Amino acid sequence: MAEVMLAVMPFAGHVAPMRAVVRAFVAAGHRVRVYTGSAHADGFRADGAEPVLWERAPDFDENDLPATFPRLRGRKGPRQMIVNVEDLFVRTGAAQCADLTASFDAQPWDVLVADGLSLGAHLAAEKTGTPRVTVALVPLATPSPGAPPPGLGLQPARSVLGRLRDRALWAALSAVSRPIQRAFHEQRALAGLPPSALTFQEALYSRELVCASGVEQLEYPRPQWPGRIIWVGELADHTGSGIPEPTWWSESLADPRPVVHVTQGTQNVDPADLIRPTFAALGHQRVQLAVATGVRGNSELPFPAPQNARVADLLPYDRLLPRIDVMVTNGGWGGVLAALHHGVPLVVAGGDLDKPEVAARVAWAGAGANLRTGTPSPRAILRAWRRVSGGSAYRTVAERIGEALRRHDGPREVVEHTEALLASLP
């Protein structure tokens, strides 16, 4: 039995897959602690883990980030992404490290298994001299030769002009990310660590082992990867979501029209961004719309829903996804993988953070359409839906990727690869 510490950024979209990983570690007989926000403590405790809370690090509400990180107020798009990375992910790093090392001092762990966006885990692993496994919950953003800068939703260049574009973008990214790199080195110093040649982006990935969610069919080919990267499929145990069926479920089951699922995700959940224009686009089509607001306990929308729409706060994906024809999504990686697991093609409106990368990969693989914005017009949604719903090629690719995903047992594979890493250490 090993002492395992998991570090999980306190976002619903990160917590759900990592809870499946926690359950797999517990089932394998390991003693598990989980470092996360207080909102998620009870869930991890129910999974058999001991919660370790953000205390020195600010315990924020993901549905009201500006309350803790005021520079985020009123920002969207690239400006939001840069400030979000610096203030939330980087400048909390030393405090996360302090929380983690305090727990280590009380009871040392054998291995630190960390959400790929936890800078505190990188710092704490270095400070304690313990092995670290990165669990990548979003598409890989590690810099590598032959790839454009991550975060822009660009596919790899295929021409000389494209490669020149990428070089120019890397230079521009280096300039705009200087505050992030400066903050990273400041956090290292605050954590009592020496200067490092690594960039913030490089530091997020363990050189010992990265367990990447997804499959290679959804990742651009690279001439080389830094460190050891293993694809583990979808991080879900498919034992049931625990989310109840909405009151309209039986009515939907009796409705013969194909189901289009519409989701705004669980972060930046402004329904005007995607749900409203989808209502305008598909409200008079011969489909039924199954809509999730993404906010637990709130199934109300600030605008009327068309007659063919049914709305809930959250929906039980284990029962919904086998029924749907197309998913219209903001590009949350977990939801995209869940849809593809069932062979469902996608229309993706990826606006910020990792979402443009998700949308670009779905389109590159041929499993759906990329709307290239988080706030698409009704016309763009309608055209994309018609193309995806009526095009057998998208469904064929989605089903092929689904077959690849179903060959994996992601949570169990994370445990097995972690155990193998520990067994290989002197």
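Numbers for the structure displayed
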quantity	calculated
Test: residue in region 219-232 that is in the same structural domain as Leu204 (by TED's automatic domain parsing) and among the small types (Gly, Ala, Ser)	yes
Residue in region 225-243 that is over 25 Å from Arg372 (Cα atoms), touching an Asp or Glu at 6+ places or on another chain (Cβ under 6 Å) and in a strand (DSSP E or B) present	yes
Number of the condition not met by Arg45 [criteria: (1) touching a residue at least 60 places away in the same chain (Cβ under 8 Å); (2) surrounded by fewer than 16 Cβ atoms within 10 Å (Cβ to Cβ)]	(1)
Residue match in region 208-215 (condition: surrounded by fewer than 14 Cβ atoms within 10 Å (Cβ to Cβ) and either among the hydrophobic types (A, V, I, L, M, F, W, C) or under 25 Å from Phe25 (Cβ atoms) (or both))	no
Looking only at region 17-29, and only at residues there that are in contact with a strand residue (DSSP E or B) (Cβ under 8 Å, 6 or more places away or on another chain) and crowded, with 22+ Cβ neighbours inside 10 Å, the one that is farthest from Leu6 (Cα to Cα)	Pro17
Qualifying residue in region 158-178 (condition: of a type in the set (S, T, N, Q), part of a helix (DSSP H, G or I) and modelled with pLDDT of 80 or more)	no
Members of region 10-40 found to be within 22 Å of Leu337 (Cα to Cα) and either not assigned by TED's automatic domain parsing to the domain that holds Ala102 or not in a helix (DSSP H, G or I) (or both), listed by number	Pro10, Phe11
Failed item, numbered, when Ser174 is tested on (1) without any contact (Cβ under 8 Å) to a residue 12 or more places away in the chain; (2) farther than 16 Å from Val85 by Cα; (3) of a type in the set (Gly, Ala, Ser)	(2)
Test: residue in region 293-306 that is basic (Lys, Arg), over 14 Å from the mean Cα position of the chain (by Cα), under 27 Å from Gly214 (Cα atoms) and outside the structural domain of Val138 (by TED's automatic domain parsing)	yes
Arg286 being farther than 26 Å from Ala136 by Cα, charged (D, E, K, R) and in a loop (DSSP other than H, G, I, E, B)	yes
Filter pass, Arg407 being under 15 Å from Val260 (Cβ atoms) and among the charged types (D, E, K, R)	no
Elements of type strands (runs of 3 or more DSSP E) contained in region 319-426, each with 3 or more residues being more than 21 Å from Ala20 (Cα to Cα), without any contact (Cβ under 8 Å) to a residue 60 or more places away in the chain and in the same structural domain as Pro277 (by TED's automatic domain parsing)	346-348
Single residue of region 190-207 satisfying the filter (under 13 Å from Leu123 (Cα atoms) and without any contact (Cβ under 8 Å) to a residue 12 or more places away in the chain) that is surrounded by the most Cβ atoms within 10 Å (Cβ to Cβ)	Leu198
Residues satisfying the stated conditions in region 6-59, i.e. in contact with a helix residue (DSSP H, G or I) (Cβ under 7 Å, 6 or more places away or on another chain), closer than 14 Å to Gly116 by Cα and not hydroxyl-bearing (Ser, Thr, Tyr)	Leu6, Ala7, Val8, Pro10, Phe11, Gly13, Val15, Pro17, Val21
Test: residue in region 259-268 that is closer than 21 Å to Trp364 by Cα, in contact (Cβ under 8 Å) with a residue 40 or more places away in the chain and outside any loop (DSSP other than H, G, I, E, B)	no
Residue in region 194-208 that is under 20 Å from Gly116 (Cβ atoms) and aromatic (Phe, Trp, Tyr) present	yes
Helices (runs of 4 or more DSSP H) contained entirely in region 41-153, each with at least 1 residues that are within 21 Å of Glu357 (Cα to Cα)	77-84, 119-128
Hits in region 48-91 - residues which are surrounded by fewer than 18 Cβ atoms within 10 Å (Cβ to Cβ), closer than 15 Å to Pro179 by Cα and basic (Lys, Arg)	Arg71, Arg79
Search result, residues across region 92-116 that are surrounded by 21 or more Cβ atoms within 10 Å (Cβ to Cβ) and over 25 Å from Leu422 (Cα atoms)	Thr92, Gly93, Ala94
Residue match in region 327-350 (condition: buried (at least 16 other Cβ atoms within 10 Å of the Cβ), more than 25 Å from Pro246 (Cβ to Cβ) and in contact with a helix residue (DSSP H, G or I) (Cβ under 7 Å, 6 or more places away or on another chain))	yes
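The values are calculated or read from the model by the stated rules, or taken from the named source; none is laboratory data. As the structure is a computational prediction, the values presented were derived from the model and not from experiment. As a convention, Cβ positions derive from the backbone with ideal geometry for all residues, glycine included, and neighbour counts pool all protein chains shown.
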